[in-house]
Structure formats: structure tokens, C-alpha cells
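Since the structure comes first, as C-alpha cells, the remarks are kept for the end.
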Amino acid sequence: MEEKSMTLPAIALRGLAVLPEMIQHFDISREKSVNAVENAMIGEQKVFLVAQRNPEVEEPEAEDLYQIGTIARIKQLVKIPGGLIRVMVEGLSRAEMLSLLDDVPYLQAEVEEAPLKEERLDDTVKEAMSRIVKEKLEEFGNANPKSVKDFMGGLLAISDLEELLIQTAGQFPWDYPVKQELLECEYISHLYERVVYYLMREIEILNIKRDYQAKVKTAIDKNQRDYVLREELRVIQEELGEEYTGSDADTYLEQLEKLNADKEVKEKIKKEIMRFKVMPGGSQEANVLRTYIETVMELPWKKMSRDNQDIRHAKEVLDEDHYGLEKVKERVLEYLAVRVLTKKGTTPILCLVGPPGTGKTSIARSVARALGKKYVRISLGGIHDEAEIRGHRKTYVGSMPGRIAEAMRQAGVANPLMLLDEIDKVSSDYKGDTSSALLEVLDGEQNVKFRDHYVEIPMDLSNVLFIATANTTQTIPGPLLDRMEVIEVSSYTENEKFHIAKNYLVPKQLERNGLTGEKLSISDKALEKIIHNYTREAGVRNLERRIGELCRKAAWEFLEKDRTSVRVTEGNLEKYLGKEKITFEEANEEDEVGIVRGLAWTSVGGDTLQIEVNVMPGTGKLLMTGQMGDVMKESAQIALTYVRSVSEKYSVEKDYFDTHDIHLHIPEGAVPKDGPSAGITMATAMLSAVTGKKVRADVAMTGEITLRGRVLPIGGLKEKTLAARMAHIKKVLVPDKNRPDMAELSKEITKGLEIVYVKSMDDVIREAFAD
């Protein structure tokens, strides 16, 4: 007889499989699962329960789910704290999912009941199968009586084979992949084979576990016996007046004599060694103390490395390793110059802030090489436990020193260069605030006596050259940021990227891919095209990947086509890297009404935004589209208020704004945008649309606007100016208060651009409106 299909709400289970005739509790929190349960409660309270293949998938599709699941009836719903709903269901029947529907706000499956298929098994065979299953159940119950006492009696009382197999599969505490495998069995004989197999496997695991426990117990008894005999030997040797040689304490005392440390440090360590000497050799506390003594004696208390004080050599090394990054190099050379003149000088605590891929981490390694310092790196990304920095007290089992003390031990000297990578990504939880623990480390006045919880002896970190890296200062707490000297590492210009690629990245990738300059040559024009049309980033990571891709393709050609050399030019670049990935929006050719080009900063460099304004008959509404953030929406309101306040000056009718709607749109609607720097751009576009006057197509602008039309300064000028240059803009309007920032930019960036400084909207309108 053909089974009829039905459509039921479906719940995708993570790490769980529900079998027929099984009562199961589980919690749900995903919106689709909650909607499915609520919809089921309206109808017959039936749902289709199916397990996910990968529990990590948040939005499962049909291919993410197993095909066989269970039709179940919801027995109870309970809301629990945390936005969770606890559901109790009863498995009704095995079912197969035919299709998954997604046109409703929850998973809905078309399913067909799929009971176990009947086989021609005579009663004798069934009875034999039942007895074998029950024998294995009894064998398991005898080996592990505590865990199965609740359900073993009920299983042994079942006489029907099919019910016995289904109940055993459902009630045994197997992992969900096993239960799903049992659910997918089509025939009774198949289900019987898998149930017996897994029962025998559990019995074997219990036997192995019992054997290991017996071996461990024997080993412990032997250790106890050895300890007693060793103590008797020590007493006998003392009675005979002989020296007891079994102690490590004397070795530690000898090492302590040679240790280069202060008197207080040595006294504290000696006290711990004497405690260790009188302890029983095999005790837990003795092992803890042994680890502690070895750790503190490996720390470089007063051991210093000799810094390289040759400034010319340091400059050569820095220039050899990195192109650009002038501010970082200047600050390091200043520190070295002061150290040479004063023979001491305070060690700076630097924080390099900039986009990913700009060389912040690698410049720290280069600085260490230039100064002849030991280099240690601590990655702070994702650390949320204060004990990671300060360590755990040694009274805890498995305690260890914090990352700072461990890094000092790893360096082996008291004056290394310590890189604190990704300091903007530390977080805090109930175990303490990590950034607060770093306050003492990064304070030149306090870190003279940094106290690690494990070491318990003050450590001097004042000679450590700390360099921290971060992508943004927004997430670094104020007091921590105040302790560091922030150096901005801005994005690279195309010219800088070209030099970096030619002098550093190409040789590095050639060597990494087993090539030479004779085998693969990349023309300058090809490099420039890769930079301009195949990558768009602040740093050079993707650029290095594209060059690596070229090298791999060339290596393939050498082996496949027996070529002796490959030359990559602007003309054949598409053959290796495919079509151009990046295109830049050029300046409009004609002046238009209501369209103004703004400049924006993004995490991968600057960009130009074309702001469009249309006016239409209406009731005075301002419509804003293009995924604008709250700050940007407020800027648009301010711009409109300014335009209304000066409308009489431009002969705009008094009731104009009551009878017209203004629609402001920033294209690329899928990209979120925010910030106040588009204020003057929006005001110019609105005024142009209202007055009908055209705006020059070759002008771009950036700046915040006030209600009275004043232009306030903004950030990210280097990236914005570069974006204007790439879009072939001729004139850029910049807030007058940003003059000092523009003065710092190299001529390479501003070359070919007319920079006009504006103080008010009157200056902006005068420069932007076409005559």
C-alpha cells in the first residue's frame, strides 16, 4: 500500500536524534524552530524532527539535514531564562523527508511515514534474535549496573522483537550519530545487527576501561611502596652519618649561587628550596614546589643582552626590511639616540595603529633585529581572562605563570622587545578585566615591580621595549591607550605598494615557489595593473597572494609545457589572474543637478561616494536611502535645515519645502555607511536640487556641517585624497581646520589635485557650483 505524504513544521536538531516511542526534552532558541513549534501547537501538535549533519550550521538547507527523521507529538512547552524554550516530545513514527519548503518563516517539510519494512522471519528466528539482544543487555548491565538500572528491567520484559530493538535504540545513552544510524535502518534484521554491534562495542569498552583502572591502581600501590622504602633508606643513611644523595634541593642551591638576581629574590627562592628539601619526595605539594623553583630560576632577573648602539646600522636594517613606515622608524632611531647619549633613558611603549596588512607585526621583528634585542610575541586576540596576563596562584592544580612572565622566561633576558599583538581585541568576562591587568604592565612608573600571581616575586619590566599593535583605538580603554605612544600606520599609496611588491614581495614569492628572476619576470606595468585592478586593500596581503598566484601558474607552465622562462606583462596578465576584479568609479563627464561626489574612508582605504538628491511634489518629507547610519542621518537633517535657512537667498519660494519631498540616496545600497564627513556633500546636493543649479563633475568634497553652515574638520584625509586622485577628480574641497593634516601628506598623494580649503558652506557653494 502506498504511503501518503504530509506537510509538517520541521525542527532541525543539533547534536540530537529522536527515535520513535521515545520521550525527549530539548531546548530551542532559533527563530525558525520557535516558529515551527508555535505553528505545530495551532494544529495537531505534530512536528517532523530531523538531525543536522553539521551542528555548527545556523541556517540549514535541505542538504544540511539527514533524510530520515521522526514524526513527533509535542507534549509540553516551557519558557526558560535566556530566551530558550524547553520542548518535551514523544516520537510517533519513522519518516522520510521528501522536500524542504522555505516559503514560510519556519522550516516546513513534506514527509512520508516510513515504518520498518516487513521481512519473512519465522518465530524461531525472531525468538533467537530477542534472546541474543537480551543476553547482551544483561552482560552490559552486569558490567555497569549503576548507569542502566533505571531502564534495564523494562527492556528485558519486552517480548516483541521490533519493540525491543526500537526501545533499546531509543533508551541507550548513545551519541546522536549512532542513534541516527539506527533510525536510518530500513529492515528489522538490519536494525538488529546494528543494535547488537553497538551493545558489544560498549561491553568491550567497559572491559578495556576496567583493565586500565586495575593497571593504574597497581602502579599507585607500587609508588607508595617505593616511597616508604626510600624514606627508610634516608633514615638508615642519616643514622650511619652518610650524606643522603636523593634530594634535588642541593642542585637547586648550587644553581641559586650562580643566579644573577637581587638579594631579596635569592632569599625568597632559597626559602622555597629549603621547604622543598624537607618534603616527602613523592607528594603532590613537592611536585608543585619543584615546578615553581625551576620556573623562577629560569627567569632573567638581571641578565641583560647588549643592545646594538650603531644608529647607521639600525637605519640600514629598518630600511632593508620595510619600505615606508617613516614615523615608526624615526621613533625607534630617536629612542636609540637617547639611549646612546644618556646610557639609560626610559624605554618607550609604542602602539602601532593601522589597517590589516600594513606591516605592523613585521616591523616589530625588524626593530628587534635592528637593535640587537631578543624578540618575543604575545598574541592578545580573544584573551578574556585576567590570569592569562598575571598567572594563576601556585596553590591551584596545574597553575602556571602568566603570558608576560612566560615571555620573559622564553626571551632569557630582562631587556627583550615584547610585541603585544592585537591589543585592541582583548575582552573581559566574570574572571576579570584583561585590559585592566595590562595597565600595570604598560606603565613605566609601575612595571618596575610587576607582580605575577604565580611567581609572587616583583619583576622589573622597565627595560622591556613594548610594542603593541591594533587595527583601531576605538576598542582600547582610555586609561590603557593613555599609557602608550600611538603611531598611526596609514594605508599604502599605489606607488608605495609598487616599491614594496618589486623590492620585497616578488623576490619572497619567487623563492617560496622555487623560481628565480630569470625563470619568471613581471613587468612594472603588470605590477601596477595588479595593484590597481586586482587588489583593493590598505595593506599588501592580497597583493602578495596575487603575486604568489602568478608564481604558481608559472611553475605549472614550466612543468607542463617545458618552458624555460615566463614573462608576465600588462597584456597577458588576464591569462594568469583572470578578469579585472576592481574597477574605480571615474568622475562624471558632465555637470549635473543634485549629484555631488563625496569622499569616504573605509577599512581598505578611501572611496568616492556619489550622493544623489531628487525633488518631487509632496508634503515636505525627507527620504533617506542607501543604508545610512544614525550619525549620517543626523548630518542629512542638519544639511536640510541649513538649506532651508538660506533658501530665500537663492530665490526659493517660501512654501517650496511644504509642497515638495526631498529624496537623498547614496548608491551601493547594500554597503552600510556612517559618519559626519558627508555633511557638506549632502548640503551641496540638496541646494543644487532645490535651486536647479548644476554642480561641477570634477569636484569632490569632505567635511562636517553645522546648522549655521560652518565646516568642521574630519579624519582619514590620506585615504580620501588617494581615492579622489584615482577617480580623476581635479579639485578637492577640504575643511580649513585640516590644513595641518594635509601638510603632512607627501606630494605624491596630492600631485595633480587642486586642494581648496573651505571654512563655510558659502566657500563650498562658490567652488562647487558651475557658473
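Applying both filters, DSSP loop and at most 10 other Cβ atoms within 10 Å, to the trypsin sites (Lys or Arg not before Pro) of the stretch 1-71 gives K4. Roughly how many percent of the accessible protein surface of the stretch 598-748 is carbon and sulfur, given a 1.4 Å probe and a whole-percent answer? The C+S portion of the solvent-accessible surface of the stretch 598-748 is 51 percent. Accessible surface calculations at 1.4 Å, restricted to protein heavy atoms, place the chain at 53 Å² per residue.
A probe of 1.4 angstrom, applied to the heavy atoms of all protein chains, finds W601 with accessible area near 130 square angstrom. Put a plus charge on the Cβ of each Lys and Arg, a minus charge on the Cβ of each Asp and Glu, and nothing anywhere else: the dipole of the chain about its Cα centre is then about 3020 debye. In this label model, M200 and D248 are separated by 4.8 nm, measuring between points 7 Å along each Cα→Cβ vector. The slack between E549 and K222, meaning 0.36 nm per residue of separation minus the straight C-alpha distance, is 111.6 nm.
Near G606, the amide H atoms lying under 5 Å from its own belong to A723; only residues 5 or more places off or on other chains count, and H is placed 1.01 Å from N. Debye-formula intensities of the stretch 31-150, expressed as log10 I(q)/I(0) at q = 0.12 Å⁻¹, are -0.68 (one equal scatterer per alpha-carbon, no solvent). Annotation: L510 carries an accessible surface of approximately 20 Å², with a 1.4 Å probe and no ligand, DNA or RNA atoms counted. Within the stretch 333-428, all pairs of alpha-carbon atoms sorted by distance into 5 Å bins from zero give the percentages 2, 11, 17, 21, 19, 14, 8, 5, 2, 0.
Taking label points 7 Å from Cα along the Cα-to-Cβ direction, R393 and S379 give a separation of 3.2 nm. For the chain, the relative contact order comes to 7 percent (Cα pairs under 8 Å, sequence separation of at least 6).
The calculated FRET efficiency for K737 paired with R275, based on their beta-carbon distance and R0 = 51 Å, is about 0.20. Here the extension length gained between K759 and I208 equals 190.1 nm, from 0.36 nm per residue of separation less the Cα-Cα distance.
Roughly how many percent of the accessible protein surface of the stretch 384-498 is carbon and sulfur, given a 1.4 Å probe and a whole-percent answer? Using a 1.4 Å probe with all protein chains present, the stretch 384-498 comes out at 47 percent carbon and sulfur. Within the P(r) computed for the stretch 524-594, what percentage of the Cα pairs occupies the region above 15 Å? Within the stretch 524-594, distances greater than 15 Å cover 61 percent of Cα pairs. Taking amide H as placed 1.01 Å from N in the peptide plane, the amide H of L65 sits under 5 Å from that of R53, each at least 5 places away or on another chain.
Near S130, once Lys and Arg are set to +1 and Asp and Glu to -1 for all other residues with Cβ below 12 Å from its Cβ, the sum equals -2.
Set the Förster radius R0 to 35 Å, insert the Cβ-Cβ distance between D103 and D630 as r into 1/(1 + (r/R0)^6), and round the FRET efficiency to 0.05. Working from the Cβ atoms, E equals 0.55.
Here the chain is treated as a sphere whose radius is the Kirkwood value from Cα pairs; by Stokes-Einstein at 4 °C and 1.567 mPa s it diffuses with a coefficient of 38 µm²/s.
Based on Cα contacts under 8 Å between residues 6+ apart, the stretch 127-229 shows a relative contact order of 32 percent. Peptides 70-78, 352-360 ranked from most to least packed, by the mean per-residue count of other Cβ atoms within 10 Å: 352-360, 70-78.
Spin-label pair E485-L439: with each label point 7 Å from Cα along the Cα-Cβ axis, the two points sit 2.3 nm from one another. Report the gain in length on full extension from R644 to T659: 0.36 nm times residue separation, minus Cα-Cα distance, nm rounded to one decimal. The R644-T659 span can extend by a further 4.1 nm.
The values are calculated or read from the model by the stated rules, or taken from the named source; none is laboratory data. The structure displayed is predicted, hence computed values, not measured ones. Counting neighbours? That spans all protein chains shown, and the Cβs are built from the backbone with ideal geometry, glycine included. Just the protein is used for accessible areas: all its heavy atoms, side chains included, with ligands, DNA and RNA removed. Shrake-Rupley method; radii C 1.70, N 1.55, O 1.52, S 1.80 Å.
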